[in-house]
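A short write-up of the structure that comes next.
Each value in this text was obtained by applying a stated rule to the coordinates, not by laboratory testing. Because the structure is predicted, anything quoted here is derived from the model rather than measured. Note that each Cβ is placed from the backbone with ideal geometry, even for glycine, and that neighbours are counted across all protein chains shown.
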Amino acid sequence: MRSPSRTPLNPGVARLLARTARRPLHRDRGIALRAAAGTVATILIGCVFWIGTGWSDGAGAVLIAGVCCALFGNSDDPAPSIMAFFYGTILGLTVAAIYAFAILPRVTDFVTLIAVLAPAMLIGGVFLSRPRTTLVTLGALLGGINTVGLNDRYGGSFDGFVNGGVSQLIGTIFAVVTVGLFQTIGANTATRRLIRAGWRELAERSNAKGPPDAAGWVARMLDRIGLLAPRLALQDKDPGKPLLDALSDLRVGVAIGELRQLRLDGTLDDAASITPVLQGVGTHYRALRPDRPAPPEPELLADLDSAIGDLAANPEPARARAGVLALTSLRRNLFPGAPAYGIAA
């Protein structure tokens, strides 16, 4: 039997897929460790309560608390999301009680089971796709399916149903308390961490010696901008300026990468002109604080103008053009209000 022939992939599509496969994103290991510690603490405390009380359905409470931490642990303030999940769980338990004790006892075959479950599942799917009702619907679906009694045989134990439902509610409320203690940082703190991460990487890129990773830098900064936008929308301040500053930092990082590559490929004279600029940019971003923004030092502007003059005189037109463009980009992004090149302040 002949194997089916494979359609060759378009070279342009192949290049795009290769670029996305290695696209790095922003990572905040501190937040990840904090979320992991909060989840571990939640499960350990929940297990102590379950074992200490000897509650047979306490395992369900620990399970749902761990699920809540896993689903919402990466949020800046997970408690409101878990409370929406809690309200959805109450709704799901109510619907599950109607199914378990009024509808399912009359179901005798698989086709009828699908027919009676279809309305609830289809309506739940509709509301699950809407962002405003996603969390409530998710709680309703998980809470309802876990307790409705879809087992190999029917079990109409009301006390077992109540115990399972109460364990889910207690586990959800317990997760609200623990994430409030361990995992809540707020949108303001998350915004400052994202901004500082970009500045810290800019300072490191300015002083790095190896070849630049322009694609990696652009991918991480675009990811940070995407993470900044919803957090800034939750704050009272105008999000326009922070996002514009982040885009300026993105352009600064690209220009730094071009200058580092020129320093590697160029002469010693080129390196002597570029190195003070890179050091000045690194010093500026290393000293920045979100609560105390400060303009770059005037000495950096002088180094930029000096480097522009030196690289413009490079005998190789391609190298001269690349250097002047990168330095001009730095000048326009770091000193937007400075006089034009060649005009004294």
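What to note about this one:
- Considering only ARG200, ARG220, ARG23, the mean-square fluctuation computed in a Gaussian network model of the chain, springs between alpha carbons under 10 angstrom, is largest for ARG23.
- The mean of 1/r over all pairs of different alpha-carbon atoms in the stretch 29-182, once inverted, gives a Kirkwood hydrodynamic radius of 16.3 Å.
- Between the listed residues LEU169, THR133, ALA197, the Cα displaced farthest toward the positive end of the dipole of the chain, a dipole computed from Cβ unit charges relative to the Cα centre, is found at THR133.
- Rounded FRET efficiency, nearest 0.05, which uses the C-beta distance separating ALA312 from LEU222 and R0 of 22 Å: 0.10
- Among (1) 29, 51, 19, 1; (2) 31, 54, 15, 0; (3) 23, 37, 28, 12, 1, the entry derived from the coordinates for P(r) over Cα pairs in 20 Å bins from 0, in percent: (3)
- Debye equation applied to the C-alpha atoms of the stretch 186-334, log10 I(q)/I(0) at 0.14, 0.16, 0.17 Å⁻¹: -0.66, -0.83, -0.92
- Highest-fluctuation residue, GLY180, GLY266, GLY88 considered, GNM on the chain with Cα pairs under 10 Å: GLY266
- Rounded to 0.05, the FRET efficiency of the LEU244 and ASP213 pair, given R0 = 30 Å and the Cβ-Cβ distance, is 0.80.
- Length available on full extension from ALA287 to ARG192: 0.36 nm per residue minus the Cα-Cα distance, which gives 32.8 nm.
- Largest GNM mean-square fluctuation across ILE103, ILE195, ILE185, computed for the chain with C-alpha springs under 10 Å, falls on ILE103.
- Selected from LEU301, HIS284, ALA338, residue furthest toward positive end of dipole (the stretch 209-345; charges at beta carbon): HIS284
- Footprinting exposure proxy for LYS209, LYS241 (fewest neighbouring C-beta atoms within 10 Å first): LYS209, LYS241
- A Förster radius of 45 Å combined with the Cβ-Cβ distance from LEU33 to ARG106 puts the calculated FRET efficiency at roughly 0.30.
- In the chain, helical runs assigned H by DSSP with n ≥ 4 each contribute -39500 (n - 2.57); averaged across all residues and rounded to the nearest 500, the mean residue ellipticity at 222 nm is -25000 deg cm²/dmol.
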